[in-house]
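Quick one: structure below, then a few questions.
The values are calculated or read from the model by the stated rules, or taken from the named source; none is laboratory data. What you are looking at is a predicted structure, and each value in this text was computed from that prediction instead of being measured. All Cβ positions, glycine included, derive from the backbone under ideal geometry; neighbour counts span all protein chains shown.
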Amino acid sequence: MCGRRPCADPACTWSEAYRAQSEARAVLAMEFSARRPYLDLVEKKRGTAARQELEREIIRQYRA
């Protein structure tokens, strides 16, 4: 177990990849009308690249 530091384990719950997957799942669970305002807020706080990465992960999970 890696604790509070990410490790090489793909199932590590402390990794950035896991956080991004979890955030995408949370957005998909939102009401459809709440998703765009959330993505707009992500863009405002973290930038366009972060929004685009989140949108890609949402689409990937939606298609899976």
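Could you tell me whether the stretch 29-36 includes any residue that is touching a residue at least 40 places away in the same chain (Cβ under 8 Å) and part of a helix (DSSP H, G or I)? Walk me through it before giving the result.
Let us first name the residues in the stretch 29-36 that are touching a residue at least 40 places away in the same chain (Cβ under 8 Å), namely none.
Looking for residues that are touching a residue at least 40 places away in the same chain (Cβ under 8 Å) and part of a helix (DSSP H, G or I), one finds none in the stretch 29-36, hence no.
Hey, another quick one. Anything in the stretch 37-56 that is aliphatic (A, V, I, L, M) and in contact (Cβ under 8 Å) with a residue 12 or more places away in the chain? List them, or say none.
Restricting attention to the stretch 37-56, the residues satisfying the condition of being aliphatic (A, V, I, L, M) are 39, 41-42, 49-50, 54.
39, 42, 54 - these are the residues of the stretch 37-56 that are aliphatic (A, V, I, L, M) and in contact (Cβ under 8 Å) with a residue 12 or more places away in the chain.
Of the numbered conditions (1) at pLDDT below 95; (2) surrounded by fewer than 10 Cβ atoms within 10 Å (Cβ to Cβ); (3) assigned to a helix (DSSP H, G or I); (4) basic (Lys, Arg), residue 45 fails exactly one; give the number of that condition.
Looking at each condition in turn, residue 45 falls short on (1).
Looking only at the stretch 2-35, how many residues end up being of a type outside the set (A, V, I, L, M, F, W, C) and surrounded by 11 or more Cβ atoms within 10 Å (Cβ to Cβ)? Write out each step before concluding.
First, the residues of the stretch 2-35 that are of a type outside the set (A, V, I, L, M, F, W, C): 3-6, 9-10, 13, 15-16, 18-19, 21-23, 25, 31, 33, 35.
Retained after the next criterion (residues that are surrounded by 11 or more Cβ atoms within 10 Å (Cβ to Cβ)): 6, 9, 13, 15, 18-19, 21-23, 25, 35.
Final tally of qualifying residues: 11.
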